[in-house]
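Colleague: First, the structure itself, so that you have it in front of you.
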Amino acid sequence: MKKRVVVGLSGGVDSSVAAYLLKEAGYDVIGLFMKNWHDDSVTISNECPWLEDSNDAMLVAEKLGIPFQTVDLSEEYKERIVDYMFREYQMGRTPNPDVLCNREIKFDVFMKIALGLGADFVATGHYCRKGISKKNGKEVYHLLSGKDPNKDQSYFLCQLSQEQLSKTLFPIGELLKPEVRKIAAEQNLITAEKRDSQGLCFIGKVRLPEFLQQKLAPKDGEIVEVPATFSEYKRIKTEFSTEEERLKYYSTKRNYSKVDGKTIGTHHGAHYFTKGQRKGLAVGGTAEPLFVIDTDVEENIIYTGQGKDHPGLFRRGIFVKPEETHWIREDLKLSEDQQLEVMARIRYRQPLEKAVLYQTLSGLYIIFENPQSAVTEGQFVAWYRGEELLGSGVIS
């Protein structure tokens, strides 16, 4: 019996080639397109052409001679992703919908539908790889970074479980993007030259403030500029009574108040802004560009600093609550008072940085060798050993 694989055909080149490679490898392949979004009012003109995408996916399936159908998951998407995003922004955090979308939609709701169709596996066009080893007679699944360093997407899958990985295939993980395009062109697939989609998973490019205004009303507030000479930046503590006190010191974000700087403008809602943001402040006349160094959604104030090296942008440590800590490699999970040297990143495409994980009773601390810029609450920190992604957590 041929093994059956359901491929999430998105209408892009990566998933098209994934489907082709699986068919060539002798699998029984079914193409499934996920429709997850109805509201075009907040998307930037023609940047959410899901109709065009589903059409391209159908033409690819036709060309490959595989069955194809569309599933409407917009209700689950709204509930699990969009509503979550609104809640996070309301609390002054910046969510990562793409990571959530993989955990909640592609590898949960979609996977269940695929298994219901008798699939042995689900496949996607992600640039990452899967490894399998045996430990104490049990199979252990490894999430490995993609061979293409410019396209590695392992970070987006940092919340997957052993169970989800066991049923997943990543057919293009060993390829470079130009090779994928070449295969698509050789097979005359309509998606061969198609641009990579931008913006939110399944929604396309969104004007974030307009998107958020559906739920979060605009409210004028002050933009405060904090000088790089602010006295708190010079106060560095070097003596600690306990190890946890040290970890906490490196991981606690600074709290600002209006008296720490001067008011230089107004904005329409602190929850529309995120740390490290440069665009959208609409304040001119500064020697260097202004960056958001913090937002206070309670007081509706945005704190800014001049230049990308402003000390307010940097922090060495991160804290992750126990309920928001996730290990893909459950067998490597740290016990209290254990530590582990890793490489970590706090956003997609960021080069991996040296860090140490410290597991305490109150949660997990990640202390970087070098201070990190724009550590943003609500985003995911992911930690690696070599090419393998071991786990991740929500920055608290």
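Since every read-out is calculated from the coordinates, none of them should be taken as a lab result. Note that the structure is a prediction, hence the values are computed from the model and not measured. Glycine also receives a Cβ, built like all others from the backbone with ideal geometry; neighbour counts cover every protein chain displayed.
Colleague: K134 to A287: FRET efficiency via 1/(1 + (r/R0)^6), r the Cβ-Cβ distance, R0 56 Å, to the nearest 0.05? Could you put the intermediate results ahead of the total?
Modeller: On the way: r = 60 Å, r/R0 = 1.07.
Taking R0 as 56 Å, the efficiency between K134 and A287 is 0.40.
Colleague: If you don't mind, there's one more thing I want to ask. For region 84-99, in order, what is each residue's ³J(HN,Hα) by Karplus, 6.51 cos²θ - 1.76 cosθ + 1.60 with θ = phi - 60°, in whole Hz (x at glycine and Pro)?
Modeller: Coupling constants for region 84-99: 4, 4, 4, 4, 5, 4, 4, 7, x, 9, 10, x, 10, x, 5, 5 Hz.
Colleague: How charged is the neighbourhood of F368? Take every other residue with its Cβ under 9 Å from the Cβ of F368, and add Lys/Arg as +1 and Asp/Glu as -1. Don't skip to the end; give the middle numbers.
Modeller: Details: positive: R315, R316, K354; negative: E353, E369.
My count for the surroundings of F368 gives +1.
Colleague: Only residues of region 338-359 count here: report those whose backbone N is under 16 Å from the spot 7 Å along Cα→Cβ of K308, or say none.
Modeller: 347-352
Colleague: Please report the antiparallel percentage of the DSSP beta bridges confined to the chain, to the nearest 5. Walk me through the intermediate numbers first.
Modeller: Working: 52 of 71 bridges.
Given both bridge residues lie in the chain, the antiparallel proportion sits at roughly 75 percent.
Colleague: Label points 7 Å out from Cα along the Cβ direction at E353 and V259: separation in nm?
Modeller: If labels sit at E353 and V259, their model points lie 3.2 nm apart.
Colleague: Moving to a separate point now. What does a probe at E298 reach in region 222-266, counting residues whose amide N is under 19 Å from the point 7 Å along Cα→Cβ?
Modeller: 222-224, 252-261
Colleague: So, one more: Enumerate the residues in region 168-186 having an amide nitrogen under 18 Å from the point lying 7 Å beyond the Cα of L59 toward its Cβ.
Modeller: 181-186
Colleague: Give the calculated FRET efficiency between L115 and L332 to the nearest 0.05, with a Förster radius of 35 Å applied to their Cβ-Cβ distance. Before the final figure, lay out the partial values.
Modeller: Details: r = 27 Å, r/R0 = 0.78.
The formula returns an efficiency of 0.80 here.
Colleague: Work out the FRET efficiency for T252 and K2 from their Cβ-Cβ distance, taking R0 = 56 Å, and round it to the nearest 0.05. Kindly include the intermediate steps, with their values, before the conclusion.
Modeller: Working: r = 55 Å, r/R0 = 0.99.
Approximately 0.50, to the nearest 0.05.
Colleague: Hey, rough spin-label estimate for K321 and K219, points 7 angstrom out along Cα→Cβ, what's it come to in nanometres?
Modeller: Output for this residue pair reads 2.1 nm.
Colleague: What ratio of Cα Rg to 2.2 N^0.38 Å holds for the chain?
Modeller: Here the Cα radius of gyration is 1.06 times the empirical estimate.
Colleague: Shifting gears a bit: Helix 177-186: angle to the longest alpha-carbon principal axis of the chain, degrees 0 to 90, nearest 10?
Modeller: 30 degrees
Colleague: By how many nm would the segment from E369 to S161 grow when fully extended, if each residue of separation counts as 0.36 nm and the alpha-carbon distance is taken off? Show your work: numbers first, answer last.
Modeller: Values: separation 208, 0.36 × 208 = 74.88 nm, distance 2.83 nm.
Full extension from E369 to S161 adds 72.0 nm.
Colleague: By what distance, in whole Å, do the Cα atoms of region 4-212 stretch along each of the three principal axes, largest value first?
Modeller: Cα extents, longest axis first: 46, 46, 35 Å.
Colleague: While we're here: What net charge do the residues around A114 carry, taking every other residue with its C-beta under 13 Å from that of A114, with Lys and Arg at +1 and Asp and Glu at -1?
Modeller: Within the 13 Å Cβ shell, the charges total +2.
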